[in-house]
Amino acid sequence: MPPQATRVRPSRPALNLVSVAEAAALLDRSPRTVRHLAANGTIPAHRIGARTWAIDRASLDTYRHGGAAA
């Protein structure tokens, strides 16, 4: 019997997300400030549940270096 073909999924770009604590350390700000920036849309972030934010690292780096976070 010939071996069965395995199905290969197309690769997706890996999401590089950081927590509020990690973002605070990178920005040298408090976690409260980072949550405020995420809540008002200054830095792109996604809510995970009621209390957790996931922040895109690339957008955070752009914001950190003075660019407009996308």
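Placing +1 on the Cβ of each Lys and Arg and -1 on the Cβ of each Asp and Glu in segment 16-70, which of 27, 50, 63 has its Cα farthest towards the positive end of the resulting dipole? Most positive-ward Cα: 50.
Looking at segment 17-64 from every direction and averaging, what is the projected area of its Cα convex hull in nm²?
On the way: hull surface 10.9 nm².
Dividing the Cα hull surface by four gives the mean projection, 2.7 nm².
Summing Lys and Arg as +1 and Asp and Glu as -1 over all other residues whose Cβ lies under 12 Å from the Cβ of residue 37 gives a net charge of +4.
Just flag the trypsin sites (Lys or Arg not before Pro) in segment 21-62 sitting in loop per DSSP whose Cβ has no more than 11 other Cβ atoms within 10 Å. The partial results should precede the final answer.
Working: sites: 29, 32, 35, 47, 51, 57; in loops: 29, 51.
Answer in residue order: 51.
Values quoted throughout were computed directly from the atomic coordinates according to the rules given, and no laboratory measurement underlies them. Bear in mind that the values here come from a model prediction, so they are computed numbers and not experimental data. Because the Cβ atoms are built from the backbone with ideal geometry, glycine has one as well, and the counts that use them run over all protein chains shown.
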